[in-house]
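Accompanying notes for the structure given below.
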2 protein chains.
Amino acid sequence: MKIEILCTGDEILTGKTTNTNYSFIAQRLTENSLDVVHGTSVGDDAHSLEQAFQQAAGRADAVIVNGGLGPTVDDLSQEIAAQAAGVELECYEEWLEKLKGYYKSRGRKMPTNNTKQAMLPAGSELLDNPIGTACGFAIDIQGARFFFTPGVPREMKRMVTEQVLPRLLSMSGIKTVSRLKRFHTFGIGESRADQLLAGIIPPENQDSIKLGFQTHYPQLETKLAVQADNDTQIDAMLEPVVTELRARFGNAILCEDDQTIESVILNELQHAGGTLSCMEMATGGAIANRIMTSLQEDKQLLNRCVVSPTINQLCRAVNITTDATPRNAELATILAETFAASSCSTHALVVLTDEVKTQDSTDLIVSIGIYGPKGSTQRTAILPGRTGWTRLGATELAMDCLRRYVTGLRVDEKIDFEKAQS
Amino acid sequence: MKIEILCTGDEILTGKTTNTNYSFIAQRLTENSLDVVHGTSVGDDAHSLEQAFQQAAGRADAVIVNGGLGPTVDDLSQEIAAQAAGVELECYEEWLEKLKGYYKSRGRKMPTNNTKQAMLPAGSELLDNPIGTACGFAIDIQGARFFFTPGVPREMKRMVTEQVLPRLLSMSGIKTVSRLKRFHTFGIGESRADQLLAGIIPPENQDSIKLGFQTHYPQLETKLAVQADNDTQIDAMLEPVVTELRARFGNAILCEDDQTIESVILNELQHAGGTLSCMEMATGGAIANRIMTSLQEDKQLLNRCVVSPTINQLCRAVNITTDATPRNAELATILAETFAASSCSTHALVVLTDEVKTQDSTDLIVSIGIYGPKGSTQRTAILPGRTGWTRLGATELAMDCLRRYVTGLRVDEKIDFEKAQS
């Protein structure tokens, strides 16, 4: 079954807004083994829309239209859909009542132009929008099934997931239960991950389990998209693959599904009744920022972060004189121990960095020191590449060392992004 | 003249990669008064590509194709372009020599499959790519002019700007000199900016100067896109509008064109022989991170940043006891003065924050204290909204207060995003 995604709106067409709605819809479909064959963007004018609807109907079996369901005169999706389908617009009382109730519950009277949002092409199937005023709808246009969805991202996401996807899966004859299992790793590049997982899906399940990767450098996301008749079948197929995948990726797995490396670290600290302080150089506050924005009701888990481009200032912050500084990794460890004491923290993470220009790139020498109840540990790595790139790598490496420390794993395993040291 | 942007590649089609290339091309064209009427995404298969080329030729006068110029078998743009144009592929010796030279200068032999990148449809006009191995080309297909560009963003950007845009402008008969003047503001929402600038472009120049806005919250970018026969005409038209715009936006203008608020602050510090230290709460290292990543060879300008979710830890970092703390804005000023001294900095910025839940949102109370050679100053604001949103606002507000302090402007002007205080 061929599917087209048709995005409408001048802001998308002129590039003012980056089309992340398209990416979301295409990804969700692809993860569910549905076949996206064409993407189209057109502006808010009647002629372009009608032409695009007709061409899409000629190319695809199903078309997801995004945008154009608002209350203003610019929003033409219902009207053009009715024209293209050769039917009239009619008022869907069910949605009109819902709209009135929506405004009433907010103590406001519904503006008249919102009535337009309850006018759908006759014969449409209504697609519920529990979190907005624009209802979706589905209708046949020239032999293709069209699904109209709102442009507001959170409304679109919910409608695509809950309303459109099940209908597409049922149309396509695809087994209707699906699940997405995700692994987040650090230290393994995409091509090596691909090699490491060679043959992991048994031949008999290759139609049911799709393996995919998405790089969000420095992290890599590995996805298993599974389709089956029911959840029991999914469990049975997925379990051995997941076990094997965990074994092959080993300690490089930071977390799974909706977890983050930050949440893993903070959970461990919370369970151990611990607190954390950090010192950063080239990572420039990125660790502080990531941990701070992950704190929920547990703000006391993070005590203090000190950030500076110079070692001197970091040393001064804990009253260490820098006249006779040892090598960086040792200094990082000394700083971690001293800083833990002076900030009254059980754990401290220190990341020192040095940029060294080489013939073809700039190397970032990263020295990490960790102090905690299990004693001190240290790690050094050389990250080659562009400055912004190596900063990201250094931030992730430092957070990963801390994750390994608090979860009791080795901190000295090499990563793909570092240079061999002589 | 109608223009279509046609993006190719499975990664784009399936949503794995967000299509930022499309946004860039569409924006550049729109800024130059060129009319983008259609956007298309198709995968790396011959049938889809050929169909897309034909449909685009039927709809548009010019088509920009992005992607598919690489050396691998997936990259089909040249081959399908030749088919659609009804010509053969031929070797462009000029580009082949360039490719060989490119590899030679890197001490490597050119892999055989790169030869493919010098094979273009007969009769193509070559579009130079000074920073990559994929050359672009232009050719007529069924009455429309097609421009083929590489998928690598920095190569595409340069080729579109230097090669494609001038050709499109010349085809369209648009006066060929253009300029984009940009203003970055903080504190003015897009709709108020629109009101403030009402009537700013004289009626006789409305075809030559286009005003546009782009929100990158919390900053707003205001653009003047100007077209004329020559630079002298542009200067003459632009000058009075720029003067008037600066007067209407006033101190809300952070900087212009490629400048950033960070570079403005760092330049002022450098000229004054100053150094900076910062303390942050809910902004959680974002200020440290933004300033650190803007430092070039002037790393000594930033001394030290301290980040903590609690006031206690910030006070301890400068040995202030918190038994009898004054109100936050005063405390912020005391901390700034003390921290400047203890970190040996001429300037210190302190941002304290308090979250207060209200009936319909969470308010972030932001207290800013600045200390420097001109003495102390303070500012308090209440930012309503979602947590991530108000954090961004607080970060920008603090940086803006510091910009105003170092450039000698008032720091107490209200912004559109803050709540009136009782």
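The values are calculated or read from the model by the stated rules, or taken from the named source; none is laboratory data. The structure displayed is predicted, hence computed values, not measured ones. No Cβ is skipped: glycine too gets one built from the backbone with ideal geometry, and neighbour counts run over all protein chains shown.
Checked against the criteria, residue B:345 counts as surrounded by 15 or more Cβ atoms within 10 Å (Cβ to Cβ), among the polar types (S, T, N, Q), in contact (Cβ under 8 Å) with a residue 24 or more places away in the chain and within 22 Å of residue B:404 (Cβ to Cβ).
Restricting attention to the stretch B:28-35, does a residue exist that is assigned to a strand (DSSP E or B) and within 26 Å of residue A:54 (Cα to Cα)?
Among the residues of the stretch B:28-35, at least one is assigned to a strand (DSSP E or B) and within 26 Å of residue A:54 (Cα to Cα), which makes the answer yes.
Among the conditions (1) within 14 Å of chain A (Cβ to nearest Cβ); (2) of a type outside the set (A, V, I, L, M, F, W, C); (3) surrounded by fewer than 18 Cβ atoms within 10 Å (Cβ to Cβ); (4) within 23 Å of residue B:348 (Cβ to Cβ), residue B:412 misses just one, which is (1).
Evaluate the stretch B:161-174: report whether one residue or more is of a type outside the set (Val, Ile, Thr), under 30 Å from residue B:125 (Cα atoms), assigned to a helix (DSSP H, G or I) and in contact with an Asp or Glu (Cβ under 7 Å, 6 or more places away or on another chain). For the stretch B:161-174, residues of a type outside the set (Val, Ile, Thr), under 30 Å from residue B:125 (Cα atoms), assigned to a helix (DSSP H, G or I) and in contact with an Asp or Glu (Cβ under 7 Å, 6 or more places away or on another chain): present. Got at least one residue in the stretch A:206-228 being at negative phi and in a helix (DSSP H, G or I)? No - not one qualifying residue is present in the stretch A:206-228.
Being touching a Cys at 6+ places or on another chain (Cβ under 6 Å) and outside the structural domain of residue A:36 (by TED's automatic domain parsing) is a description that applies to residue A:184.
Counting only residues that are touching a Ser or Thr at 6+ places or on another chain (Cβ under 7 Å) and at pLDDT 95 or above, the stretch A:21-37 holds 4 of them. As a summary of the residue check, residue B:66 satisfies the conditions (1) out of contact with any Leu (no Cβ under 6 Å at 6 or more places or on another chain); (2) more than 10 Å from every other protein chain (Cβ to nearest Cβ); (3) more than 25 Å from residue A:34 (Cα to Cα); (4) surrounded by 21 or more Cβ atoms within 10 Å (Cβ to Cβ) except for the one numbered (3). Scanning the stretch A:140-167 for residues that are in contact (Cβ under 8 Å) with a residue 40 or more places away in the chain, within 25 Å of residue A:18 (Cβ to Cβ) and in contact with a strand residue (DSSP E or B) (Cβ under 7 Å, 6 or more places away or on another chain) gives A:146, A:147, A:148, A:149, A:150, A:151, A:156, A:160, A:164.
Please verify whether residue B:76 is more than 12 Å from chain A (Cβ to nearest Cβ), crowded, with 24+ Cβ neighbours inside 10 Å and either over 19 Å from residue A:22 (Cβ atoms) or touching a residue at least 60 places away in the same chain (Cβ under 8 Å) (or both), treating the condition exactly as stated.
No, not satisfied.
No other residue among B:301, B:295 is surrounded by fewer than 20 Cβ atoms within 10 Å (Cβ to Cβ), facing chain A (nearest Cβ under 9 Å) and touching a helix residue (DSSP H, G or I) at 6+ places or on another chain (Cβ under 7 Å) apart from B:295.
So residue B:248 ticks every box in (1) of a type in the set (Lys, Arg); (2) within 14 Å of chain A (Cβ to nearest Cβ); (3) surrounded by fewer than 19 Cβ atoms within 10 Å (Cβ to Cβ); (4) farther than 30 Å from residue A:392 by Cβ but one. Which box is left unticked? All conditions pass for residue B:248, except number (2). Against the conditions (1) closer than 28 Å to residue B:173 by Cβ; (2) in contact (Cβ under 8 Å) with a residue 24 or more places away in the chain; (3) at the interface with chain A (Cβ under 8 Å from one of its Cβ atoms); (4) assigned to a helix (DSSP H, G or I), residue B:12 satisfies every one except (1). Number of residues in the stretch A:15-30 that are over 16 Å from residue A:149 (Cβ atoms) and more than 9 Å from chain B (Cβ to nearest Cβ) equals 0. In the stretch B:200-225, the residues that are crowded, with 16+ Cβ neighbours inside 10 Å form Cβ pairs under 7 Å with partners that are aromatic (Phe, Trp, Tyr), at six or more places apart or across chains, as follows: B:218/B:186; B:218/B:417; B:219/B:186; B:220/B:213; B:222/B:183; B:222/B:213.
Every condition in (1) out of contact with any helix residue (DSSP H, G or I) (no Cβ under 6 Å at 6 or more places or on another chain); (2) surrounded by fewer than 24 Cβ atoms within 10 Å (Cβ to Cβ); (3) away from chain A (no Cβ under 11 Å) holds for residue B:50 except the one numbered (1). Checked against (1) free of Cβ contacts under 8 Å to residues at least 60 places away in the same chain; (2) more than 8 Å from chain B (Cβ to nearest Cβ), residue A:309 meets all criteria but (2). Please specify each residue of the stretch A:380-393 satisfying the condition of being buried (at least 21 other Cβ atoms within 10 Å of the Cβ) and closer than 25 Å to residue A:345 by Cβ. Across the stretch A:380-393, the qualifying residues are A:381, A:391. With respect to the conditions (1) without any contact (Cβ under 8 Å) to a residue 24 or more places away in the chain; (2) buried (at least 23 other Cβ atoms within 10 Å of the Cβ); (3) not basic (Lys, Arg), residue A:18 falls short on a single one, namely (2). Of all residues in the stretch B:279-289, none satisfies the criterion of being more than 8 Å from chain A (Cβ to nearest Cβ) and within 19 Å of the chain's Cα centre (by Cα).
So, in the stretch A:53-63, of the ones that are not in a loop (DSSP other than H, G, I, E, B) and not small (Gly, Ala, Ser), which residue ends up surrounded by the fewest Cβ atoms within 10 Å (Cβ to Cβ)?
Once the filter is applied, the top-ranked residue is A:54.
Can you report the number of residues in the stretch A:396-413 which are touching a residue at least 40 places away in the same chain (Cβ under 8 Å) and part of a loop (DSSP other than H, G, I, E, B)? Looking only at that region, the number is 5.
Based on what the data block shows, is residue A:141 under 26 Å from residue A:38 (Cβ atoms), of a type in the set (A, V, I, L, M) and over 24 Å from the mean Cα position of the chain (by Cα)? Yes, satisfied. For the stretch A:97-136, the set of residues classified as assigned to a loop (DSSP other than H, G, I, E, B), under 35 Å from the mean Cα position of the chain (by Cα) and either surrounded by 15 or more Cβ atoms within 10 Å (Cβ to Cβ) or acidic (Asp, Glu) (or both) consists of A:124, A:128, A:129, A:132, A:133, A:134, A:135, listed by residue number. Residues that are facing another protein chain (nearest Cβ under 9 Å) and surrounded by 19 or more Cβ atoms within 10 Å (Cβ to Cβ) are absent from the stretch A:258-268.
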